[in-house]
Each structure stands twice: as structure tokens, then as C-alpha cells.
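Notes follow once the structure below has been shown.
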């Protein structure tokens, strides 16, 4: 079975720009969760989508948003990028256990 | 507030030298405790899920145990390829889509 895939793997943006990251879950998984990982804060939960609906949300500003499509693929968007948004963004899909993708490394200059 | 604390932050072992990693947690209604391994530049790789106190799981040189307040990841006779960051996370009954992670323990095993 194919694992979770994320695109792109690497991104460089400048402050003020926006970015969209994509996540394709394991076939049959309907839940997709997103996390931000930084050296200082570790892994922090952004939000979870299930059957195209946001089911849970973490403590991040409204600049961070997401959506899920009918095929369970998910995207997250960050608008008005700040330097502090530089991080590894991970998505995980699950039935019960969360399985993670390889992440998208975002660098904001 | 739900939280997870892992210790030590870093651990250096000689090949074959067994040790344990600790994960202390507070959560309002534990649904599951998870252990992941993360290699540099990669996403976390699932190792174990533990659901109730007294439960144990084993995989090769790794064994995870769970009490009502903490979990241990025991590493027996480690090899250099076991070098990685080990992450512990809890999932609350009230919020199953969210994992709360500890800061991780970075393990280095020297030959």
C-alpha cells in the first residue's frame, strides 16, 4: 500500500507571500491531520479534516487554513507568510493510527 | 492542560548498551499513547500504540510499556541504525484527530 505523500517537498518563499501544500492520504483513510514541526516548539497540531469537514483545530492564527476534497486529499494554505512560519509541515492520515508523510520543508526569507 | 514530557532530551549509548526512554503525560481521558521514530529530514515513522496501563508491545530491540502516568521505551542491545529521535504522543478521548507530542529524545548509538 502506498504511504502518505506530500508535495512539494521543499519550498522557498518570501515574507508576505502565500503558499499551498498538498497531502495525499493512504488509500481508504478519511482523516487527515496537519502538524508544524520546528526545533523550538516541536510538533504542533494545526487541524484535522474528516470527510471534507474540519473536525479539530489547533492554536494557530487564521492565516493557516486547510481543506479536504472528496477523494480525501487535503491542502493547507498559509497566507501572508512570516519568517516564523519556516518549518517542516507534516500531514498524517489515519483510520485509528496516524501515519505521517515525509513533510514539506518551507523556508520563508 | 494535556501535555507530554520526554526525558532525557539526548542519549548517547555504545552499541549493545541497553537503556530506557521516558515519556510522562497528563491527559484528560487517554485514548492512546503512541511512539514514533523520526530520522533527520523525514516524517515520523509509527512504532507502537498502547491503550491501557499494563500493556506492553515489542518490536525487534524495542519494547514499550505503559502506566497511568508514563510510558517507557526500552532499547535492548541497540545498534547504530537505532540512532534517531524517538517521539511520544498522546491522544485524548475527546479529540481523536489530534496528537500531543513531547519534544523527543535524540538517541545516538556509537559502534
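Would you mind getting me the FRET efficiency between residue B:10 and residue B:63? Use the beta-carbon distance for r and R0 = 22 Å, nearest 0.05. Don't jump to the answer; show the numbers that get you there.
Values: r = 21 Å, r/R0 = 0.95.
Calculated transfer efficiency: 0.60.
Considering every pair of different Cα atoms, what Kirkwood radius, in Å, is found for chain A?
Values: mean 1/r = 0.0729 Å⁻¹.
The Cα-based Kirkwood calculation yields 13.7 Å.
Take chain A, connect every pair of alpha-carbon atoms lying under 10 Å apart with a spring to form a Gaussian network, then pick out the residue of A:52, A:96, A:82 with the largest mean-square fluctuation.
Taking springs between Cα atoms under 10 Å, the residue moving most is A:96.
I want to verify a result. In a Gaussian network model of chain A, Cα cutoff 10 Å, which of these has the top mean-square fluctuation: A:70, A:93, A:79?
A:70
Binned at 5 Å from 0, what are the whole-percent values of the Cα-Cα distance distribution for the protein assembly as shown, short to long?
Taking all Cα pairs of the protein assembly as shown, the binned fractions are 1, 7, 15, 19, 18, 16, 12, 7, 3, 1, 0 percent.
How far apart, in nm, are two points set 7 Å out from the Cα along the Cα-to-Cβ line at residue B:26 and at residue B:55?
Here the answer is 2.3 nm between the modelled labels.
Taking square-rooted eigenvalues a ≥ b ≥ c of the alpha carbon gyration tensor, is segment B:1-43 rounded, prolate or oblate, where a/c under 1.5 means rounded and, failing that, a/b exceeding b/c means prolate?
Taking the square roots of the gyration eigenvalues as a ≥ b ≥ c, segment B:1-43 is prolate.
Take peptide A:37-45, look around each residue's Cβ out to 10 angstrom, count Cβ atoms belonging to other protein chains, and average those counts.
Working: counts 6, 0, 1, 1, 2, 7, 11, 3, 7.
Counting Cβ atoms of other protein chains within 10 Å of each residue's Cβ and averaging gives 4.
Binning at 10 Å from 0, report for chain B what percent of all alpha-carbon pair distances ends up in each bin.
The calculated distribution, bin by bin, is 15, 50, 29, 6, 0.
Which of these, A:24, A:72, A:51, has the largest mean-square fluctuation under a Gaussian network model of chain A (Cα springs below 10 Å)?
Ranking A:24, A:72, A:51 by mean-square fluctuation puts A:51 first.
Suppose R0 equals 22 Å; then what is the FRET efficiency for residue A:55 and residue A:95 from their Cβ-Cβ distance, rounded to the nearest 0.05? If you can, show how the numbers build up before the last one.
On the way: r = 14 Å, r/R0 = 0.65.
The formula returns an efficiency of 0.95 here.
Restricting everything to alpha-carbon atoms, can you work out Rg to Rh for segment A:57-109 with a Kirkwood hydrodynamic radius?
Details: Rg = 12.5 Å, Rh = 12.7 Å.
That ratio equals 0.98.
Computed from the coordinates by the stated procedures, all read-outs in this text should not be read as laboratory data. Predicted model only: the values in this text are computed from it and were never measured. Neighbour counts run over all protein chains shown; Cβ positions are idealised from the backbone, glycine included.
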